[in-house]
Every structure is written in structure tokens, then in C-alpha cells.
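Trainee: Pasting in a structure now, in C-alpha cells, and then I'll have a few things to ask.
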Amino acid sequence: MNFMHQKWTLPKNIAWAFSGGFAVTLANSLILIIIAKTSSPAMMGQYALAQGIVIPVMTLFSCNMRVLIATDARSSTAFTDYFHLRLVMSALAFIAIGAGSTAVFGFQEITLAIVIFAVIKALDSISDLIHGSFQKRQRLQPIAIALGAKALLSAAFFCLTMIISSDLLWSLLALLGAQLIATALIDMRLYGRQNHTLPLSLFSGRWSLSYLRQIFRGPLLRLGVPIAVISTLASFAAYSPRYFLEFVIGNAAVGIFAAQMSLVGLVDLPVSAIGQAILPKLSAAFQEGNDTAFSRTLSRSLMLTLVFCSLVLGALALFSEPLMELLYAHEYSKEKRTLLMLVAAASLTNLGNILGCAIAARRNFRLPVFAQLANMACVILLCYPLISHFSLEGAALATMCGAFFPPLFYSVALFLGRRQQRPRSAV
């Protein structure tokens, strides 16, 4: 049977999701390493600041439609509706990012970097939606292969350009070129093979005002907006320390903080793989009324997450300093306690993410908003005073304090969700 149409078991799906995520994490880490080796922490700070501005805004406008697709067990909404809405929302996000960055920074190099990075993330959002259609069918192998190929191409383009030019803008343009090639030749062809159609057919169809009004007033935004708010609040909570570090200390501190966060990705990687694999499985179990399968899948996933996070925290407690000096430079290895606090915060966040998958599988997207609102509010309120007194350690401490809220609120949401009636129809 062709791998495009195979349905894999949960362990195999976790393995494939892990391999795809590992390729992306490796590529992102390689980009940061090359920036650190060929330039200063200040340039690393510019790159990290561009990420911190673009990603939360794109997350908000994306409405996290991949989750809607993955949990749409009855396929009650056409993929083209998801796709057309994503195109419109990505265009609006790009306009908002361009106008906002110009208003704040003026016509400077950082503004151009932000705008280029926004286009890169807009292309990523198209790929993400296509991957969601495979995730719903519990076929994560094609996603992993596509992510691996894109990661290799993107890292090669960016790193070679950075080594030759030592210029961030040229390197971002090279990364944009890689994303264009990968989206056209990998992701769009992947969609065409799965659906036995021409990839360009996604861009055709109804584009009348009445159709756009229909999808904007339809159930996609009603369900998508709460998810988008949840994801955006979480994203702002993760990136807001960078804004305060830039304001209080400067670009160099942002660069060091971003380098440490790249190692924190070691915690996020396998947990993200588990989440991708269990989400459609939990959704199907909930729709079928199979509470035993639902509870068993969730409890095993939480145990795996807890064990892995503990192992990573222990390993970094022993080897973080030589590892940071080897990968980046000596000035990046001086903040061991900062790194350990960030890993602890990521562990709490990932436990919350697994619980959040169970809530998303029930299509209960409103209550978790309060969890991420509490998370973001805590981080923002604590960042300035803690960074002023403790520098980078203060940013990590604020992040860790905020990370306590999502697991707590998601546990409450999951308990309350037990009394929720299963929907007779799904969007």
C-alpha cells in the first residue's frame, strides 16, 4: 500500500511526528548556531526579535485551523474552505505586521527583517494546513518526510548565505526562496497526490464577496477564534521576555536568551510529536463515546511526557555549560540557572499541552483561554521587575511562574468537560 494512504498505529505516528519535528528543530538550531558563529549576539537578537513579533501575530490570524481540521472527524467542512480562509487571514496578518513594524521601528533594517520573516511564516501556514489534512487521517509519515525535506533545504539556503555574506537580510531572503521552492514542489504536490487533483485547484473556485462573507460568518471562525486566542496568548507569553530584554538590556541579551530557548526545544520536540499523534485519536474516541480509550491514551501520554522532561532536565543540569559553549560561544554558556529554569517552565507547559489535546479533542476551546490569559498576564507583570533585578534569570523566572497556570486550568477544563454532552454534529 502506498504510504500516502496508509493509516499508522499510535507508536509509529509518534515516531514519524518526532522525526519531522526533529528535522525542523535541527534546522532552526543550525540557523542560530551559524548566526552565533558568524556574527554578534546583537544580530542574533535581531533575528530573535523578528521571530517574537511575527509568530504571535501569525498565530492569532491563523485561527489554528490545523487543530480544526485534525479534530473534524466527520469531515463536515470542505478543505477548500479552510484553505481560502487561511489565505485571507494570512494576508491580513502580513498587512498588520508590516504596518505595525513600520510604525514602531520606521524604515530600518529590523523592519525589513520582520517583513521578510512574515512572508516566510505565511508560506509556512499554507504547509501547516496541508499537513493538518494528513494528521486528521492519522498518517504522519508524509508530514515527516515533507518537514525533513523543507528543513534541509531551508537550513542549507540560509546557512550558506550567512557564511558567505554575514548579512541577516540576504540570509532571510535566501530562506524565503527555500520556502517558496519547498511549498510549491513538496507540500502542494503532496496535497495533489493525496486528493488526485492539481495543486493549483486550491487557489481556484469561488472568490466572490458572498462566498467570503459566508466563510467569515460560518462556524470556522466561531470555533477558530477561541483556539487562536489560546495559541496567541501562549505565544505572547513565550516571546514577551524578549521584548522586555530588548527594552531593559538590549539586543545581545535577546540573542543569548533565544539561543538558550533553542535548547529548550529538546523538551518541546517529543511532546509535540505525542500531541500530533494523539489528537485525532482522542477526537475519534470522544466522537465514538469510547471513554476507556480516551483515558488510556491521555494517561500514557502524560506519563511519557513527564519521564522525558525529567530526563532532559537532568541531562542539561550536568552538561549545559559545555554544550552551549560548543554550539554557540563562551558568552552563551554563562547562564546555566537561566537555562534550567527555562527547561522547567517548558516541562510544565508541555504537560499542559498534552492536557490541552484532550480538551481540543472534545472541541471545547473556550475555557482554556483563561489559562493562557493568566499565563501571559503573569509573565508580563513579572518580566520588567524581575529582569531589572536579575537580568536573564529574571526573564526565565517570570516564564516559569506563568507556566504553572495552563496545566492547572487545563486540568479543571478537562474535569468540567466530563459533564459536556457529546455533539450530535461536528463542524
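Read-outs: derived from the displayed coordinates by stated rules, not from any lab. Keep in mind it's a predicted model, so treat the numbers as computed, not measured. All Cβ positions, glycine included, derive from the backbone under ideal geometry; neighbour counts span all protein chains shown.
Trainee: Compute the relative contact order of segment 264-344 as a whole-number percentage, counting only Cα pairs closer than 8 Å that sit 6 or more residues apart in sequence.
Mentor: 30 percent
Trainee: Positive end of the charge dipole of the chain (Lys, Arg +1 and Asp, Glu -1 on Cβ, about the Cα centre): tell me which of V54, I35, P142 has its Cα farthest that way.
Mentor: Final value for the positive-end residue is P142.
Trainee: A further question follows. Which one, I130, I256, I164, has the greatest fluctuation when you compute a Gaussian network model over the chain with C-alpha springs under 10 angstrom?
Mentor: I164
Trainee: Let me know the charge dipole size of segment 3-417 about its Cα centre in debye, to the nearest 20, where only the beta-carbon of Lys, Arg (+1) and Asp, Glu (-1) is charged.
Mentor: Charge dipole, segment 3-417, about its Cα centre: 1460 debye, nearest 20.
Trainee: Of the residues P241, P11, P406, which exhibits the maximal mean-square fluctuation in a Gaussian network model of the chain defined by a 10 Å Cα contact cut-off?
Mentor: P11
Trainee: For the chain, set up a Gaussian network in which alpha carbons nearer than 10 Å are linked by springs, and say which option among A234, A317, A144 fluctuates the most.
Mentor: A317
Trainee: Enumerate the residues in segment 43-61 having an amide nitrogen under 15 Å from the point lying 7 Å beyond the Cα of E109 toward its Cβ.
Mentor: 43-50
Trainee: How would you rank S347, S39, S75, S171, going from fewest to most other Cβ atoms within 10 Å of each one's own Cβ?
Mentor: Neighbour counts put them in this order, fewest first: S75, S39, S347, S171.
Trainee: Follow-up. What is the order of F216, F157, fewest Cβ neighbours within 10 Å to most?
Mentor: Ascending number of Cβ neighbours within 10 Å: F216, F157.
Trainee: Alpha carbons only, please: Rg and Dmax for the chain, in angstrom.
Mentor: 20.9, 61
Trainee: Oh, and also: Can you give me the Cα centroid spacing of segment 379-416 and segment 282-313 in angstrom?
Mentor: Their Cα centres are 25 Å away from one another.
Trainee: Further, regarding this structure: Number of Lys pairs in the chain with C-alpha atoms less than 17 angstrom apart, excluding same-chain neighbours closer than eight positions?
Mentor: So the count of such lysine pairs works out to 7.
Trainee: I would also like to ask the following. Per residue, how big is the convex hull of segment 1-158 when only Cα atoms are used? Give it in Å³.
Mentor: Hull volume normalised by residue count: 117 Å³.
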